[in-house]
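First the structure, in the form of structure tokens, and then the observations on it.
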There are 2 protein chains.
Amino acid sequence: MNWLDAVKWDRDGFVPAIAQEVGSNDVLMFAFMNREALAKTAELGRAVYWSRSRHRLWFKGEESGFVQQVHEIRLDCDKDVVLLKVTQLGHEPSIGCHTGRHSCFYRKLIGAEWKSVEPVLTNPDSIYK
Amino acid sequence: MNWLDAVKWDRDGFVPAIAQEVGSNDVLMFAFMNREALAKTAELGRAVYWSRSRHRLWFKGEESGFVQQVHEIRLDCDKDVVLLKVTQLGHEPSIGCHTGRHSCFYRKLIGAEWKSVEPVLTNPDSIYK
């Protein structure tokens, strides 16, 4: 059995994927993969997602240079979620979010408000030209 | 604006939620929430998900006793994924997975095979009676 067939793809052919940074263990981002994206990720050792807004494969870092080197690919108990253990390349400290922040999860619920609690490390205008 | 209205719920009214353990920073599990589940999570300070198989609110730990105490609720850049920072209660070392393992992400891609690389800490038959 092909390892890709073990994955339970959703009705649209996607699987959710979480990118976690090796070392810090921080959760950097979340995206979706289709079968081709997961196959490419394993083949290349770099994170490849499916861009649902652009309807095409998204080689993470293709524009920003912020490539995610993939050390491990994990699958959960229900076989319908993928976890990548990555090194986030291209900037020190690492930038995983298109807003120029370390992690996409920079909004924290404080009282009844979402507050941004992580700094912008690089102006996103300088990342995407 | 109600903080729950800021969340971009999917077409079925759900948002993906990642549970990450405070301290280890390990990703324990992934599930979905509807609006009521997220509201209850914030209100009670414990993880409440939507069970898509049972079509009802799932108070994590309601059967197993393995409650997730919630310290922080985070929202990502696109406002469509939630990250919980939790303490996984009920067992030492902590069990976040219904298989009796620490994390649901216990399958690792090695070569072209998914291999279980995390031990079962407690027989699930003794968790769910």
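Taken over the alpha carbons of the range A:47-114 as equal point scatterers, the Debye sum produces base-10 log I(q)/I(0) values at 0.18, 0.19 Å⁻¹ of -0.85, -0.92.
Rounded if a/c is under 1.5, else prolate if a/b beats b/c, else oblate: with a ≥ b ≥ c from the C-alpha gyration tensor eigenvalues square-rooted, which is the protein assembly as shown? Oblate is the answer for the protein assembly as shown, as a/c is 1.5 or above yet b/c matches or exceeds a/b. Applying the criteria of a DSSP loop state and at most 13 other Cβ atoms within 10 Å to the GluC sites (Glu not before Pro) of the range B:1-69 yields B:Glu62, B:Glu63. In chain A, Cα pairs under 8 Å separated by at least six residues give a relative contact order of 21 percent. Restriction of the trypsin sites (Lys or Arg not before Pro) in the range B:1-108 to DSSP coil positions whose beta-carbon has at most 16 other beta-carbons within 10 angstrom yields B:Lys8, B:Arg11, B:Arg52, B:Arg54, B:Lys79.
Axis of helix A:35-44 versus longest Cα principal axis of chain A: the two differ by about 80°, to the nearest ten degrees. Note on chain A: helix-only mean residue ellipticity at 222 nm, from DSSP H runs of 4+ residues weighted -39500 (n - 2.57) and normalised by residue number, equals -2500 deg cm²/dmol.
Name the most mobile residue of A:Ala112, A:Ala31, A:Ala17, meaning the one with the largest mean-square fluctuation, in a Gaussian network model of chain A with Cα contacts below 10 Å. With Cα springs under 10 Å in chain A, the top fluctuation among A:Ala112, A:Ala31, A:Ala17 is at A:Ala112. To put it simply, the accessible area of the protein assembly as shown at a 1.4 Å probe is 49 percent carbon and sulfur. Contact residues in the range A:1-49 by the 30 Å² criterion (accessible area, 1.4 Å probe, full protein complex versus chain alone): A:Trp3, A:Arg11, A:Ile18, A:Asn25, A:Val27, A:Phe30. Counting only Cα atoms, chain B measures 45, 36, 30 Å along its principal axes, largest extent leading.
Inter-copy label distances at B:Ser53, shortest first and taken from points set 7 Å along Cα to Cβ: 3.5 nm.
Scanning chain B for the beta carbon that comes closest to the axis linking it by rotation to A yields B:Asn25, 2, distance in whole angstrom. Setting aside same-chain residues fewer than 8 positions from B:Lys60, which aspartates and glutamates have a Cα under 13 Å from its Cα? Straight-distance partners of B:Lys60: none at all. Partner lysines whose Cα lies under 19 Å from the Cα of A:Lys108, excluding those fewer than 8 positions away in the same chain, are identified as B:Lys8, B:Lys40, B:Lys79, B:Lys85.
The values are calculated or read from the model by the stated rules, or taken from the named source; none is laboratory data. No experiment lies behind these values; they were computed from the predicted model shown. Here Cβ is always computed from backbone atoms with ideal geometry, including for glycine, and neighbour counts include all displayed protein chains. Just so you know, the surface numbers come from the protein's heavy atoms only, side chains and all, with ligands and any DNA or RNA stripped out. Shrake-Rupley method; radii C 1.70, N 1.55, O 1.52, S 1.80 Å.
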